[in-house]
């Protein structure tokens, strides 16, 4: 008896490379994807918010030492770059590179 007859057709969506994707798998994937995007959004927004705040503080003349302000901006930008690099590495791993 083939696998097609063992599982109801309504639950089987796709079979690709020997992997069967069901509606349950797809729902789990969508939930995980949503959570991942929420996490990434938060992680990226934090350093960007700090960078924006520091730029506004420089514009408003709140720093007596602009060199210190620019150093702090560079540090936050480096954090942002690290996050982006991690995301790109994750994307490459998913593609099998």
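What to note about this one:
- Evaluating residue 67 against the criteria (1) surrounded by 10 or more Cβ atoms within 10 Å (Cβ to Cβ); (2) modelled with pLDDT of 70 or more leaves one unmet condition, (1).
- Meets criteria (in a helix (DSSP H, G or I), touching a helix residue (DSSP H, G or I) at 6+ places or on another chain (Cβ under 7 Å) and either at positive phi or at pLDDT 85 or above (or both)) for residue 76: yes
- Filtered by the rule that a residue be loosely packed, with under 10 Cβ neighbours inside 10 Å, part of a helix (DSSP H, G or I) and modelled with pLDDT under 80, the stretch 5-47 gives 5, 6, 9, 10.
The values are calculated or read from the model by the stated rules, or taken from the named source; none is laboratory data. Quick caveat, the model's predicted, so the values are computed rather than measured. Cβ coordinates were reconstructed from backbone atoms using ideal geometry, including for glycine residues, and neighbour counts include every protein chain displayed.
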